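Accompanying notes for the structure given below.
The values are calculated or read from the model by the stated rules, or taken from the named source; none is laboratory data. Being a predicted model, the structure only gives us computed values, none of them experimental. Here the Cβ positions follow ideal geometry from the backbone for every residue, glycine too, while neighbour counts run over all protein chains shown.
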Amino acid sequence: MIVTVINQKGGVGKTTTAVNLAYILSRNKNVGLIDMDPEGGTTTSFGLKREKKEIPLGGKSVNIFNVELFPSHLGLLKMELNGDVEEVTNSLKNIAKSFDLLVIDTPPNLGTLALASMIAADKILSPVTPQPLAMEAAKNLDSRLQSLEKKAMAFTNMSAKPIEINLQSVNFLKISVPQSKIFIEASRLGVPASRYEEIRMKKPKLIRFYEELSKAILE
Ligand SMILES: Nc1ncnc2c1ncn2[C@@H]1O[C@H](COP(=O)(O)OP(=O)(O)OP(=O)(O)O)[C@@H](O)[C@H]1O
Ligand SMILES: [Mg+2]
């Protein structure tokens, strides 16, 4: 199954979601996580560096904390500019065959890489923050999904109160991940926040949100 995390707005928590979701899902599933963002947020969240060379999609992976991570690399930029959506979609579907779940982190746009990641997806998950521009992005995603005849689940990030917007193809879950400094601390150390909580905290606060999201995805 392919789970694509998407929102064309930058900084809303796509990478944070992909990384923590993959980490939590890997407790009892065989999970791959592919960084489709040339900026490489997911790659650095697992303490790795972006590859400075071009690698074919799915050509290199590293197992970290039980997640098979496909790092970002130079070739993604070329693929974004000159790539063929159908070819990228097929490559993603091929990579997914080796896993129970393949989680995809996408860049903040609706270009070739994000589009192919949406088309390949069995489930689409969109973090939305309660700022006007992020809500506008959710509406744009809704129209794009309608034209692709796809549906997405959205949830609220960086707020205690769940957002409710009525959209045709985006269903807002009643899940909201609050603001937390733990995300910043964990990303400074290059580990997923859920991992950081497991190791460092007696009473984890954030893990349950990713468990809820995992449940919604697997339903
Ligand atoms: N609930 C939260 N509370 C506090 N900080 C958060 C939360 N979610 C994410 N962050 C932080 O916000 C920043 C942006 O998050 P993230 O990188 O996941 O967004 P993104 O949508 O992937 O951004 P981009 O579009 O640039 O790839 C990061 O520093 C991350 O640690
Ligand atoms: Mg990101």
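Observations, loosely collected:
- Condition check for residue 102: at pLDDT 95 or above, among the hydrophobic types (A, V, I, L, M, F, W, C) and touching a helix residue (DSSP H, G or I) at 6+ places or on another chain (Cβ under 6 Å): yes
- Any strands (runs of 3 or more DSSP E) falling wholly within the stretch 2-102 and containing at least 3 residues that are in contact with a strand residue (DSSP E or B) (Cβ under 8 Å, 6 or more places away or on another chain): 2-5, 31-35, 67-70
- Restricting attention to the stretch 79-94, the residues that are touching a Pro at 6+ places or on another chain (Cβ under 9 Å) and without any contact (Cβ under 8 Å) to a residue 40 or more places away in the chain total 2.
- Taking the stretch 177-199 as the range and being polar (S, T, N, Q), within 9 Å of ligand 1 (Cβ to nearest atom) and surrounded by 15 or more Cβ atoms within 10 Å (Cβ to Cβ) as the test, the residues that pass are 180, 187.
- Boolean, residue 97 is among the basic types (Lys, Arg), touching a residue at least 12 places away in the same chain (Cβ under 8 Å) and out of contact with any Ser or Thr (no Cβ under 8 Å at 6 or more places or on another chain): no
- Positions within the stretch 199-219 being over 17 Å from the mean Cα position of the chain (by Cα) and β-branched (Val, Ile, Thr), in sequence order: 199
- Any hit, the stretch 25-32, residues being within 14 Å of ligand 1 (Cβ to nearest atom) and not aliphatic (A, V, I, L, M): no
- Residue check for residue 217: near ligand 1 (Cβ under 9 Å from one of its atoms), part of a helix (DSSP H, G or I) and surrounded by 13 or more Cβ atoms within 10 Å (Cβ to Cβ): no
- Candidate set: the stretch 65-87, residues that are surrounded by 20 or more Cβ atoms within 10 Å (Cβ to Cβ) and closer than 22 Å to residue 46 by Cβ; chosen: the one farthest from the chain's Cα centre (by Cα): 79
- Scoring residue 50 on the criteria (1) under 16 Å from the mean Cα position of the chain (by Cα); (2) within 16 Å of ligand 1 (Cβ to nearest atom); (3) crowded, with 17+ Cβ neighbours inside 10 Å leaves a single failure, condition (1).
- Filter result for residue 109 (more than 20 Å from residue 213 (Cβ to Cβ), in contact (Cβ under 8 Å) with a residue 60 or more places away in the chain and surrounded by fewer than 20 Cβ atoms within 10 Å (Cβ to Cβ)): yes
- Residues in the stretch 114-128 that are within 16 Å of ligand 1 (Cβ to nearest atom) and under 13 Å from the mean Cα position of the chain (by Cα): 114, 117, 118, 124, 125, 126, 127, 128.
- Residue identified as over 17 Å from the mean Cα position of the chain (by Cα) and at pLDDT below 95 among 139, 97: 139
This table checks each residue for (1) among the polar types (S, T, N, Q); (2) touching a His at 6+ places or on another chain (Cβ under 6 Å); (3) closer than 21 Å to residue 120 by Cβ.
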position	(1), (2), (3)
142	no, no, yes
158	no, no, no
161	no, no, no
166	yes, no, no
